[in-house]
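Notes follow the structure.
What follows draws every value from the coordinates through simple rules; no lab data is involved. Because the structure is a prediction, the values reported are computed rather than measured. Please note: Cβ atoms are built from the backbone with ideal geometry, for glycine as well, and neighbour counts cover all protein chains shown.
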Amino acid sequence: MEKLIVRGPVSLQGKVRIGGSKNAALPILAASLLGTSPSLLRNVPDLLDVRTMLSVLENVGAQVEKIDRHTYRVGPASLRNCEPSYELIRKMRASFLITGPLLSRLGRAKVPLPGGCAIGSRPIDLHLKGFAHLGVEVIQSAGYVEAKAGLLHGGEIYLDFPSVGATENLMMLAASIPGETLIINAAKEPEVVDLARFLTLMGAEIQGVGTDVVLVKGKKNLQGVEYEIMNDRIEAGTFCVAAAITQGEVEIEGVDLGHIFPIVTKLEETGARVEKTGERTLLVTMRERPRAINIKTMPHPGFPTDMQAQFTALLCIAEGVSVITETIFESRFAHVGELERMGANIQVEGRSVIVRGVETLNAAQVAASDLRAGAALILAGLAAQGETEISGLFHIDRGYEAIEEKLNALGACIKRVKDADRGNADVE
């Protein structure tokens, strides 16, 4: 078992470049199955979740060619298997996104119920109800979803909640069905917009993307294309918080301010200074202890749930009392107990946490329970006194490429060690 040893406190200084978006890459990789010719995808992040999705694509018969670390060619011509491996699907919730493409290409899909981070209930019923409106017969039993395409047709779909995954799955299937499909109360996240751009290049016509009403005019034969995946707004937000929690000065390259505007706004409320120094570059500076603020997570364009844990870590050392309310996932406070081990003063009350800032956090042995909780613990370790030992790195590696290397280049002292080597770790 590997662990990270994080020595603090430090003040981060320098430049960091943001990589490709995990949450955009996964649906676009799935959508590449819709093409009648190969797609060449660039800026694909080198992450565990991406490797899992690539394995899923190969498992169902696609040809996956690695051009370099961040570039892949996906050939869907040999697609043949409508029943992907349980061992692969169980690792990651986003793997369920291949259901729409499999229905389009093979007319049938038998997909195990997906796994992923334990952050609360994320039912797939919205996907299934939407499929039914497009002419799909759905049977769910014994841990599997079996879907059969009858006469596929366009339709009107209302989502009870603006689910990102359901919007993406339905958009992919609709893009390959001649006719019009209207998705009402669709998700507006930038990653949904990125998928729509990809599908549009393939030949579909999509209107209203980025709003809550999306009209998809499908096309029977979509073509493979070359496409560069957007950069990761959550990685960008995490490095913004890293600069603030360490009272540092970090220039973040490869970030779209429009994608992280809610993050920047809340960061400025804590006292950080955020300057746009280039078309896709931000300079984040913090010179004092952060101020307490209130946060409420919401679907885009609200404050993203994927940044809640990182801001919780920041507010642990803020002056005053902060209230953070989580409206998306009901079980996304697993990091609270670990932060308390580091001296944080946090109280959970239903869907909210009350954070009473302390002057200093102290190093401790902690464990990442999910992807963003792991990022929060790294941030806390950067500001804490002493050496923080973080286990559960599997979760962190699912969504952050080379995070310790990027932080060390900014002046952090982080070392990845195997558990047996812990006694010999030297992070200087």
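Any idea what the dipole of the chain comes to, in debye rounded to 20, about its Cα centre with Lys/Arg Cβ at +1 and Asp/Glu Cβ at -1?
Values: 45 positive and 52 negative charges, 134 e Å.
Around 640 debye, computed over the chain.
About the Cα centre, and with charges only on the beta carbon of Lys, Arg (+1) and Asp, Glu (-1), how big is the dipole of segment 265-319? Nearest 20 debye, please.
For this selection, approximately 40 debye.
Quick one: if the Förster radius is 30 Å, what FRET efficiency do Arg42 and Ile139 give, using the C-beta to C-beta distance and rounding to 0.05? Intermediate values should be presented prior to the final figure.
Numbers: r = 38 Å, r/R0 = 1.28.
Efficiency, rounded to the nearest 0.05: 0.20.
For Ala368, list long-range residues whose amide hydrogen, built 1.01 Å from N in the peptide plane, is under 5 Å from its own amide hydrogen.
Here the answer is Ser391, Gly392, since their amide H atoms fall under 5 Å of that of Ala368.
Efficiency by 1/(1 + (r/R0)^6): what FRET value for Asn345 and Lys276, r their Cβ-Cβ distance, R0 = 22 Å, to the nearest 0.05?
Computed FRET efficiency for Asn345 and Lys276 comes out at 0.05.
Label-point separation (nm) for Thr285 and Thr360, each offset 7 Å from Cα along Cα-to-Cβ?
Calculated label separation equals 2.7 nm.
Which whole-Hz ³J(HN,Hα) couplings does segment 409-417 yield from phi under the Karplus relation 6.51 cos²θ - 1.76 cosθ + 1.60, θ = phi - 60°, glycine and proline marked x?
After applying 6.51 cos²θ - 1.76 cosθ + 1.60, I find 5, 9, x, 6, 10, 10, 9, 8, 9 Hz.
Which order do the peptides 344-351, 94-101, 225-232 come out in when sorted by mean C-beta neighbours inside 10 angstrom, highest first?
Values: 344-351: 14.4, 94-101: 27.6, 225-232: 20.4.
Peptide ranking by packing, descending: 94-101, 225-232, 344-351.
Round to the nearest 0.05 the FRET efficiency obtained for Lys110 and Ala409 when R0 = 51 Å and r is the Cβ-Cβ distance.
In this case the efficiency is close to 0.65.
First select every other residue whose beta carbon is under 12 angstrom from the beta carbon of Thr71; then total the charges, Lys and Arg +1, Asp and Glu -1.
Values: positive: Arg42, Lys66, Arg69, Arg73; negative: Asp46, Glu65, Asp68, Glu226, Glu228.
Within the 12 Å Cβ shell, the charges total -1.
Measuring from label point to label point, each 7 Å out along Cα→Cβ, what is the Glu268 to Glu226 span in nm?
Spacing of the two 7 Å Cα→Cβ label points: 3.8 nm.
Of the residues Asp256, Asp68, Asp370, which exhibits the maximal mean-square fluctuation in a Gaussian network model of the chain defined by a 10 Å Cα contact cut-off?
Asp68
Show which lysines lie in cross-link reach of Lys418 when reach means a straight Cα distance below 19 angstrom and same-chain residues fewer than eight apart are skipped.
Lys3
Hey, what number do you get for the chain at 222 nm if only DSSP H runs of n ≥ 4 count, each worth -39500 (n - 2.57), divided across all residues, to the nearest 500?
After summing the helix terms and dividing by residue count, I get -8500 deg cm²/dmol.
For the chain, modelled as a Gaussian network with Cα springs under 10 Å, which listed residue fluctuates most, Gly143, Gly75, Gly154?
Most flexible of the set in this elastic network: Gly143.
At a threshold of 8 angstrom on Cα-Cα distance, excluding pairs fewer than six apart, so keeping six or more, what relative contact order does segment 22-228 reach in percent? Intermediate values should be presented prior to the final figure.
Values: 474 pairs, mean separation 43.0, N = 207.
Relative contact order here is 21 percent.
Along the positive direction of the dipole of segment 269-428 (beta-carbon charges: Lys, Arg +1; Asp, Glu -1; about the Cα centre), which of Gln310, Ala409, Val284 reaches farthest?
Val284
Straight-line reach from Lys266: which lysines have a Cα under 28 Å away, not including same-chain ones fewer than 8 places off?
Within reach: Lys15, Lys22, Lys188, Lys276, Lys296, Lys406.
Give me the Å³ per residue figure for the convex hull around the C-alpha atoms of segment 316-428.
Numbers: hull volume 12.3 nm³, N = 113.
Cα convex hull per residue, to the nearest whole number: 109 Å³.
Place a +1 charge on the Cβ of each Lys and Arg in segment 283-428 and a -1 charge on the Cβ of each Asp and Glu, then give the dipole magnitude about the Cα centre in debye, rounded to the nearest 20. Write down the numbers at each step before the final one.
Values: 15 positive and 20 negative charges, 78 e Å.
So the magnitude is around 380 debye.
In terms of modelled amide H atoms, which long-range or inter-chain residues lie less than 5 Å from the amide H of Asn294?
When sequence neighbours closer than 5 places are left aside, the close amide H contacts are Val323.
Which residue, Thr181, Gly210, Ser55, has the largest displacement toward the positive end of the dipole of the chain when charges sit on each Cβ (Lys, Arg +1; Asp, Glu -1)?
After comparing all options, I get Thr181.
For segment 276-281, what does the Karplus curve 6.51 cos²θ - 1.76 cosθ + 1.60, with θ = phi - 60°, yield as ³J(HN,Hα) per residue in whole Hz, taken in order and with x for Gly and Pro?
Along segment 276-281, the couplings run 8, 9, x, 4, 9, 9 Hz.
Express as a percent, rounded to the nearest 5, the fraction of DSSP beta bridges in the chain (both residues included) that run antiparallel.
About 75 percent, rounded to the nearest 5.
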